[in-house]
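Chemist: Handing you this structure, nothing more for now.
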Amino acid sequence: MKLASLKQGRDGRLVVVSDDLAWYADAGHICATLQAALDDWERIAPALELLAIDLRNEAIPRARFHEHDAAAPLPRAYQWLDGSAYVNHVALVRQARGAELPDSFWHDPLMYQGGSDGFLGARDAIPLADAQWGCDLEGEVVVVTGDVPLGATREQALDAIRLVGLTNDVSLRNLIPPELAKGFGFVQSKPASAFSPVFVTPAALGEWWKDGKLHRRLLVEVNGAAFGRADAGEDMTFDFGTLIAHAAKTRALSAGTIVGSGTVSNRDADGGPGRPVAEGGVGYSCLAELRMIETIAQGTATTPYLASGDTVRIWMEDDRHHPIFGTIEQTVG
């Protein structure tokens, strides 16, 4: 089942979307918003599934689904927690800074709590007031949970995953070091994130969803050129069950909590840092990783951050090369 929120009010209008993303059926007679559905998932989800079947069989009124009409599936959420499950990415960033990677990073996930009071739709512009802030994309996988009890096990956490999607978790890289130096976390350096037009139930992903990981390539383009082809299921040190259980160690999580994987990152086949797509590698899911590799190799980064007018595309394909979650396609404003 694929769900989306059309732009309407603060929390959108819930619709069920066809598997090929061509059509939608209004779900308002079942539930007005996705958050309301998540709050009562055991009762609401079966009715939405029946609606999806009727849509598939063309048994109900339907309308064309246009991704530019979609808000983020959850236009605002009770909680947005972003992990850093791909330790390869963290290791490269720290290596470029000359910082040692603590051993704990391999068994204790990194995670921060981001702003969740407003997210961008997949085709909304990336607002940027100052190019000197160092605007970067970050292609990630996300999951949305139901209620998660305090002290949940990994297995309980996996059972609580309701939906899966993608995000462009925008970072303002040049604002990060001074913020972290204060010892109190991200605020200004993490503006609003954008989400894929649709979120999908784990069951609908079939064999691609296994052991709390999404086993498909995350495709990234910058200004029309292939930039990233990393496999989200590879080199993921912490699966989503582990990330959610980590977040729930000392508090319960409310239905509608969004948890991010962190930047999807693969090492090269020879075990070294990834190579650009143009050189036969799988590339990168953020500019910072390429800049870190440039710094390690030649002492300085040469790839610029995003500037006004630059475009970013992030998506994931099925076996027929059709987008699974729709496409995040943004222009820097």
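The values are calculated or read from the model by the stated rules, or taken from the named source; none is laboratory data. Since the structure is predicted, the reported quantities are computational estimates derived from the model, not experimental observations. As a convention, Cβ positions derive from the backbone with ideal geometry for all residues, glycine included, and neighbour counts pool all protein chains shown. In case anyone asks, the SASA skips ligands and DNA or RNA and just uses the protein heavy atoms, side chains included. Shrake-Rupley method; radii C 1.70, N 1.55, O 1.52, S 1.80 Å.
Chemist: How many of the residues making up region 153-188 are touching a Phe, Trp or Tyr at 6+ places or on another chain (Cβ under 8 Å), closer than 24 Å to Met316 by Cβ and open to solvent by 10 Å² or more (accessible area, probe 1.4 Å)?
Modeler: Qualifying residue count for the region: 3.
Chemist: Among the residues of region 39-62, count how many are in contact with an Asp or Glu (Cβ under 8 Å, 6 or more places away or on another chain) and either among the acidic types (Asp, Glu) or not in a loop (DSSP other than H, G, I, E, B) (or both).
Modeler: So the answer is 1.
Chemist: Kindly provide the set of residues from region 11-37 that are in a loop (DSSP other than H, G, I, E, B), within 13 Å of Arg62 (Cβ to Cβ) and not charged (D, E, K, R), ordered by number.
Modeler: Scanning region 11-37 gives Ser18, Leu21, Ala22, Ala27.
Chemist: Mind checking which residues of region 92-151 are among the acidic types (Asp, Glu) and under 14 Å from the mean Cα position of the chain (by Cα)?
Modeler: Glu138, Glu140 - these are the residues of region 92-151 that are among the acidic types (Asp, Glu) and under 14 Å from the mean Cα position of the chain (by Cα).
Chemist: Take the conditions touching a strand residue (DSSP E or B) at 6+ places or on another chain (Cβ under 8 Å) and under 28 Å from Glu234 (Cβ atoms) and apply them to Asp82. Does it pass?
Modeler: So Asp82 fits the description; yes.
Chemist: To continue, here is another question. Yes or no: region 293-303 includes at least one residue that is out of contact with any Leu (no Cβ under 9 Å at 6 or more places or on another chain), surrounded by 14 or more Cβ atoms within 10 Å (Cβ to Cβ) and more than 20 Å from Pro73 (Cβ to Cβ).
Modeler: Yes - at least one qualifying residue is present in region 293-303.
Chemist: Check Leu92 against each of (1) surrounded by 15 or more Cβ atoms within 10 Å (Cβ to Cβ); (2) modelled with pLDDT of 95 or more; (3) touching a Pro at 6+ places or on another chain (Cβ under 8 Å) and name the one condition it does not meet.
Modeler: (2)
Chemist: Only one of Leu48, Leu74, Leu38, Leu14 is touching a Lys or Arg at 6+ places or on another chain (Cβ under 9 Å) and either at pLDDT below 95 or crowded, with 16+ Cβ neighbours inside 10 Å (or both); which?
Modeler: Only one candidate qualifies: Leu38.
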